[in-house]
Amino acid sequence: MEEVNQTVVSEFIILGLCNSWELQAFLLLIFSSLYLITILGNIFIVLLITADLHLHSPMYFLLANLSFIDFCLSSVITPKMITDFLKENKTISFGGCMCQIFFGHFFGGGEMILLVSMANDRYVAICKPLHYSSIMDRQKCTGLVMTSWIIGFVHSISQLALIIKLPFCGPRELDSFFCDIPLVIRLACMDTYSLEMLINADSGVLATICFILLLLSYFYILLTVRLHSKEGASKALSTCTAHITVVVLFFGPCIFIYLWPLHITWVDKFLAVFYAVITPVLNPAIYTLRNKEIKNAIQRLRC
């Protein structure tokens with residue numbers, strides 16, 4: 001009994017997205033390009049906001065932190081996935097798997113809270129413009145960012161603490177392209193049903209609460225602007241629609257994977273790709289390329 005309770009699996013086998021070499025070569029090109037765009041785009045945004053004094057406001061301070069988290073989140077999963085396209089035998093060490101789980105939930109949880117903070121910033125700016133400077137001062141913004149990091153860390157470490165001591169002594173194949181808790185926990189040599197429900201509820205409830213808060217913020221923004229100006233409502237609707245698109249693409253997969261798991265392999269892989277690869281690419285495009293002040297900052301940079 002003592003031997004069974006020890007972790008004897010030193011590595012996991014990753015089955016990846018597909019078995020076809022031709023398709024893997026195509027995906028290698030696609031995901032390498034997306035990752036390069038993600039890294040360059042998010043680094044550029046952070047540097048631009050830091051260097052341009054016109055962008056030293058709460059909105060862009062939060063945006064710079066979002067870009068940094070996207071840079072980190074994409075780097076947790078995508079590089080390993082890209083290099084695995086070149087390998088016939090795809091494996092990841094037990095320690096590497098635990099690191100993917102920890103940092104994936106750390107940055108993912110932090111991004112959820114930061115997106116709520118950004119929606120709150122827009123709500124205050126549009127619905128309470130006269131009090132904006134007193135409510136969203138630098139100290140408040142720093143506190144919001146620190147809160148996102150702290151909640152992300154607490155969420156991640158609580159998840160990791162529940163699975164790292166589980167006995168892994170038998171099957172070691174993960175039918176995915178990265179390590180995630182719902183897949184890893186099923187490989188444990190014990191009945192994990194109750195633990196799986198607890199872990200899924202932890203991540204699912206966090207994602208659902210943040211998602212509802214975001215939708216409420218954007219709803220009140222649109223309602224406030226509509227009551228004051230039809231032209232403003234049209235502009236706000238355009239902006240909020242773009243932001244909500246990112247929110248749905250980020251939170252939707254998280255909610256389905258954790259709170260309402262389908263246990264359909266190809267669906268889980270598809271949702272995970274959106275969560276880990278696509279969303280970090282969309283954030284720079286939607287939050288910056290449509291932004292007039294960012295465009296002006298780029299023009300000033302050229303001059």
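The values are calculated or read from the model by the stated rules, or taken from the named source; none is laboratory data. Just so it is clear, the model here is predicted, and its values are computed rather than measured. Cβ: placed from backbone, ideal geometry, glycine included. Neighbour counts: every protein chain shown. For the accessible areas, the whole protein counts, side chains as well, though only heavy atoms, and no ligand, DNA or RNA atoms are used. Shrake-Rupley method; radii C 1.70, N 1.55, O 1.52, S 1.80 Å.
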Rounded to the nearest 10 Å², the 1.4 Å probe accessible area of THR208 is 40 Å²
TM-like helix rule applied to the chain (DSSP H, alpha carbon span at least 18 Å on the long axis, mean Kyte-Doolittle at least 0.5) gives 21-51, 58-84, 94-127, 138-163, 193-228, 230-254
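Leaving out ligands, DNA and RNA, and with a 1.4 Å probe, what % of the accessible surface on region 8-48 is carbon or sulfur?
Values: 1770 of 2290 Å².
In region 8-48, the share of accessible area belonging to carbon and sulfur is 77 percent.
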Among GluC sites (Glu not before Pro) in region 87-191, those in a DSSP loop whose Cβ has at most 12 other Cβ atoms within 10 Å are GLU88
Rounded to whole angstrom, the alpha-carbon centroid of region 153-217 lies from that of region 62-128 at a distance of 16 Å
With every protein chain kept in place and a 1.4 Å probe, the residues LEU130, LEU114 fall, from largest accessible area down, as LEU130, LEU114
Sorted list, accessible surface of protein heavy atoms, 1.4 Å probe, largest first, for TYR287, TYR220, TYR193, TYR35 is TYR193, TYR220, TYR35, TYR287
Ignoring ligands and nucleic acids, SER57 exposes an accessible area, probe 1.4 Å, in Å² to the nearest 10, of 40 Å²
Of the accessible area of region 93-164, computed with a 1.4 Å probe and all protein chains kept, carbon and sulfur make up a percent value of 73 percent
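Just to make sure I understand: if all protein chains stay in place, what is the order of TRP21, TRP266, TRP149 by accessible area at 1.4 Å, largest first? Walk me through the numbers on the way to the answer.
On the way: TRP21 130, TRP266 180, TRP149 55 Å².
These residues rank, largest area first, as TRP266, TRP21, TRP149.
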Once the dipole of the chain is set up from charges on Cβ (+1 Lys and Arg, -1 Asp and Glu), the residue from the list MET81, PRO171, VAL184 lying farthest towards its positive end is MET81
Expected unfolding gain across LYS292-TYR132 under the 0.36 nm per residue rule, minus the alpha-carbon gap, is 55.6 nm
Taking only Cα atoms of region 16-62, the Rg to Rh ratio with Kirkwood Rh works out at 1.32
Using alpha carbon positions and the Kirkwood radius, the Rg to Rh ratio of region 1-151 is 1.12
Counting every C-alpha pair in the chain, the percent lying more than 34 Å apart is 27 percent
Probe 1.4 Å, all chains present, heavy atoms only: VAL248 accessible area in Å², nearest 10, is 70 Å²
The answer for the chain, accessible area per residue at 1.4 Å probe in Å², is 50 Å²
Between ILE14 and residues 5 or more places away or on another chain, the pairs with built amide H atoms under 5 Å apart involve LYS90, THR91, ILE92, LEU174
